[in-house]
Amino acid sequence: MSVRIILALCLICLQTTNAAYCSGKPDPNAKQNLNPIYTASPTKIKSVVNGHLYTIGQPADNQFYIVHVWGTPYDMGKAHGQLLDKRTNAMINSVWKYLEEQVIGAINSTVHIFKPWFLKDVADFGLDAALDLEIEITRPFTRKAFFEEAQGLADGSGADFKKILRIHMIGELTKGDCSMFGAWGKSVPVEGSLLQLRALDWSVDGPFKDFPQVTVYHPIEGNGHAFANFGWTGWIGSITGMSSKNMAISEIGVTFPDETFGKESRFGVPFTYLLRDILQFDNTIDDSINRIANSQRTCDLILGVGDGKMGEFRGIQYSASVANFMDDVNMKPTASWHPQIKDVVYWGMDWLCPAFSQTLSRQLTKHYGNITVENVIRDVTSITQTGNLHIAIYDLTNSIAYLANAKSTNQSGPLYAYERSFVKLNMTELFNVIPPEENST
């Protein structure tokens, strides 16, 4: 299974009516994931002012850091940087090097994975200037708090502030083959409960797999509520995460849209910042619907938002032109390979991706009425072969998350997250961790 890395800024462009389809498909001999779920509690490593550092999981298998931060945006960024200063620098510099290599490869390739104007900008002005331009274009739509947190991260870790901002534009530059579903009602064993999947299929030959981290934010009063970012060290945007309001996000980059997406745009809020705002500020799914509908949107995506309090999930067809909210009745696209399933909304790998969507629908239908975390791990993501970089399964009713990451350089076992063991996270406990004392060291 290939991962399409498309390093290109979102342009204002019309989609053709003769839409292309993704050509990938799961291996018909895919094996079930029979690994046990890791259920032990996190282990505390150290504290600083406004922050705690924990690890969870087994070092050779599924270990990652959990970082807790408190205070203002600047305070939280600084604590993050102080707790993992060397690791933050390594992550930021590794991602920057990776971007440079991808750009050079694209310029020297006959296969143009970049937009022509972007390659020209890089050739004329350099990668730094091209990304700085994107930062300035999106600045009017970006909350000041993101820049404050990035400055705190730089001050706490010693990492380059501008480089931190630049790598956070990667969300607007890349698209991964991801999958999601929301399942409730008669599709799950306990009516009234909600289960949500976020499977991230992205670059496993890049640096991200070596820096997995859950960052738990505890903002000051008046600046939102506690939430958790499932990502990497030094990463402050959101692509995967869950909030203390029993809400969670999913996301798919759309490489194969149809004409219903309309136009893309460079001028708007970076979607990783919008998704973070959903986690940090929204109390209900209705808040998120209003936020998305009224935002200045950019590139083609499918978003997912679940609300465990209300037992509701919505998938969102997202672009500069449209924000269409879908449940199990009006789910699109309408196709034989993407059949409706009562009380389930899902997409496999892309908007127009028949083989993966069909396999995902088949596995969900196989377990209909008993779609559980255990069955999803064993027989849904593994057979669909989705979630190579990381997978989050959210039990939003019980405020529990299950996370698997791709094999890092120093770990053993299979490479892809969907083949590896998951770690159980009691999110209620994480959101209620006690802050450090003022003179913590």
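The values are calculated or read from the model by the stated rules, or taken from the named source; none is laboratory data. Computed from a predicted model, the values in this text were never measured in an experiment. As a convention, Cβ positions derive from the backbone with ideal geometry for all residues, glycine included, and neighbour counts pool all protein chains shown. Please note that ligands, DNA and RNA were not included when accessible areas were found on the heavy atoms of the full protein model with its side chains. Shrake-Rupley method; radii C 1.70, N 1.55, O 1.52, S 1.80 Å.
Of the residues Gly152, Gly176, Gly156, the single one that is crowded, with 21+ Cβ neighbours inside 10 Å and closer than 15 Å to Trp202 by Cβ is Gly176.
If we scan region 412-429, do we find a residue that is farther than 24 Å from Pro59 by Cβ and either open to solvent by 30 Å² or more (accessible area, probe 1.4 Å) or at pLDDT below 95 (or both)? Yes: region 412-429 contains one or more residues that are farther than 24 Å from Pro59 by Cβ and either open to solvent by 30 Å² or more (accessible area, probe 1.4 Å) or at pLDDT below 95 (or both). Just so you know, in region 43-57 the residues that are in contact (Cβ under 8 Å) with a residue 60 or more places away in the chain and open to solvent by 20 Å² or more (accessible area, probe 1.4 Å) include one that is nearest to Lys424 (Cα to Cα), and it is Lys46.
Sub-9 Å Cβ pairs linking a first residue in region 355-368 that is in contact (Cβ under 8 Å) with a residue 40 or more places away in the chain to a second residue that is in a helix (DSSP H, G or I) and charged (D, E, K, R), at least 6 apart or interchain, are Tyr368/Lys186, ordered by first then second residue. Restricting region 296-344 to residues that are among the charged types (D, E, K, R), in contact with a Phe, Trp or Tyr (Cβ under 8 Å, 6 or more places away or on another chain) and open to solvent by 10 Å² or more (accessible area, probe 1.4 Å) leaves a set whose member that is nearest to Ile400 (Cα to Cα) is Glu312.
Filtered by the rule that a residue be at pLDDT 95 or above, in a loop (DSSP other than H, G, I, E, B) and within 26 Å of Asp379 (Cα to Cα), region 42-59 gives a lone residue, Gly57.
The numbered conditions (1) assigned to a helix (DSSP H, G or I); (2) open to solvent by 10 Å² or more (accessible area, probe 1.4 Å) are all true for Ile278 except (2). Against the condition polar (S, T, N, Q), assigned to a loop (DSSP other than H, G, I, E, B) and on the phi < 0 side of the Ramachandran plot, how does Asn223 come out, does it pass? Answer is yes for this residue. Counting only residues that are aliphatic (A, V, I, L, M) and within 18 Å of the chain's Cα centre (by Cα), which one in region 408-441 is nearest to Ser244 (Cα to Cα)? Ranking the candidates gives Met427 first.
Scanning region 233-280 for residues that are touching a strand residue (DSSP E or B) at 6+ places or on another chain (Cβ under 9 Å) and of a type in the set (A, V, I, L, M) returns Ile236, Ile239, Met242, Met247, Ala248, Ile249, Ile252, Val254, Leu274, Leu275, Ile278, Leu279.
Residues in region 385-406 that are more than 21 Å from Gly311 (Cβ to Cβ) and either free of Cβ contacts under 8 Å to residues at least 40 places away in the same chain or touching a Gly at 6+ places or on another chain (Cβ under 6 Å) (or both): none. Restricting the search to helices (runs of 4 or more DSSP H) fully inside region 61-152 and requiring at least 2 residues that are modelled with pLDDT of 95 or more and closer than 29 Å to Ser421 by Cβ gives 73-83, 85-107. Residue-level analysis places Gly206 outside the set of residues that are under 29 Å from Thr55 (Cβ atoms), among the small types (Gly, Ala, Ser) and buried (at least 24 other Cβ atoms within 10 Å of the Cβ).
Is it the case that Asn405 is under 19 Å from the mean Cα position of the chain (by Cα), open to solvent by 10 Å² or more (accessible area, probe 1.4 Å) and closer than 21 Å to Gly241 by Cα? Criteria met by Asn405. Across region 246-265, a minimum of one residue is classified as part of a helix (DSSP H, G or I), surrounded by fewer than 20 Cβ atoms within 10 Å (Cβ to Cβ), of a type in the set (Val, Ile, Thr) and at pLDDT 95 or above.
The residues in region 83-105 that are over 13 Å from Asp160 (Cβ atoms) and of a type in the set (Phe, Trp, Tyr) can be counted, and the count is 1.
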